[in-house]
Amino acid sequence: MAIRNVRTDGNPVLREICKEVAVVNDGIRKILADMLETMYDSDGVGLAAPQIGIPKRMAVIDDREGHVYKLVNPVIVESEGEQLSQEGCLSVPGFRGKCKRPMKVYVEALNEFGEKISFTAEGFLAVICCHEFDHLDGILYKDKAVEMERVEEE
Ligand code: NI
């Protein structure tokens, strides 16, 4: 595994509509492993492939409540409710902001072995899913934020 360079706002790769992964092979599994390691290195809860310069539909998530996901071609097929989230993004350093997100989403994806999986995400996990999957369509949370503020950098 390797820690990859995280691309930041202004890099055009963050605005691409990412391509579906056709075959989940060792190369894809290597990228997913690197994404997870890169995410942990930056103390994040989610990371999408374009954030490391790869415009493919992949995301990794750890909600810090025991749920770790490596997702390929993820899709939100249903959503319900609404919540006001507090979000930050490794690609938008120095800021955080609030967005309106669904309270609950139903997700379908492939796992790292190319098997179909589905799960329901509620609360914080729903926010992470929406945030990460938006990255795959070239959308940053700041595009949707109803409130943004500067935070102290470490
Ligand atoms: Ni992000």
- Using the Karplus curve 6.51 cos²θ - 1.76 cosθ + 1.60 with θ = phi - 60°, work out ³J(HN,Hα) for each residue of region 4-13 in order, rounded to whole Hz, and write x for Gly and Pro. 9, 6, 7, 6, 10, 3, x, 6, x, 5
- Electrostatic dipole magnitude of the chain [Cβ: Lys, Arg +1; Asp, Glu -1; Cα centre; debye, to 20]: 400
- Task: Enter the accessible area of residue 4 (Å², nearest 10), with the probe set to 1.4 Å and all protein chains included.
- Result: 70
- In nm, give the distance between the simple-model label positions of residue 103 and residue 84, each being 7 Å from the Cα along the Cα-to-Cβ direction. 1.6
- Item | Long-range amide H partners of residue 91 with built H, under 5 Å | none
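If the limit is 21 Å between Cα atoms, which of 70/104; 70/142; 70/100 go over it?
Violating the 21 Å limit, Cα to Cα: 70/142; 70/100.
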- What is the spread of the Cα atoms of the chain along each of their three principal axes, largest first, in whole Å? 40, 34, 29
- Item | Accessible area of region 1-112 divided out per residue, in Å², using a probe of 1.4 angstrom | 49
- Query: HN-Hα J couplings of region 69-82 from phi, Karplus 6.51/-1.76/1.60, θ = phi - 60°, integer Hz, Gly and Pro as x?
  - Reply: 10, 10, 10, 10, 6, x, 9, 8, 9, 8, 9, 8, x, 8
- Message: Using the Karplus curve 6.51 cos²θ - 1.76 cosθ + 1.60 with θ = phi - 60°, what ³J(HN,Hα) values do you get for each residue of region 57-68, in whole Hz, with x for Gly and Pro?
- Response: 7, 9, 8, 10, 9, 9, 7, 6, 10, x, 10, 10
- Express in whole angstrom the spacing between the alpha-carbon centres of region 127-147 and region 1-78. 14
- Which of the listed residues, 42, 17, 74, is farthest toward the dipole's positive end in region 1-79, when Lys, Arg count +1 and Asp, Glu count -1 at the beta-carbon? 17
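The values are calculated or read from the model by the stated rules, or taken from the named source; none is laboratory data. What you are looking at is a predicted structure, and each value in this text was computed from that prediction instead of being measured. Ideal geometry is used to build each Cβ from the backbone, glycine not excepted, and the neighbour counts take in all protein chains shown. Each accessible area value is taken on the protein alone, full model and side chains, heavy atoms only, with ligands, DNA and RNA left out. Shrake-Rupley method; radii C 1.70, N 1.55, O 1.52, S 1.80 Å.
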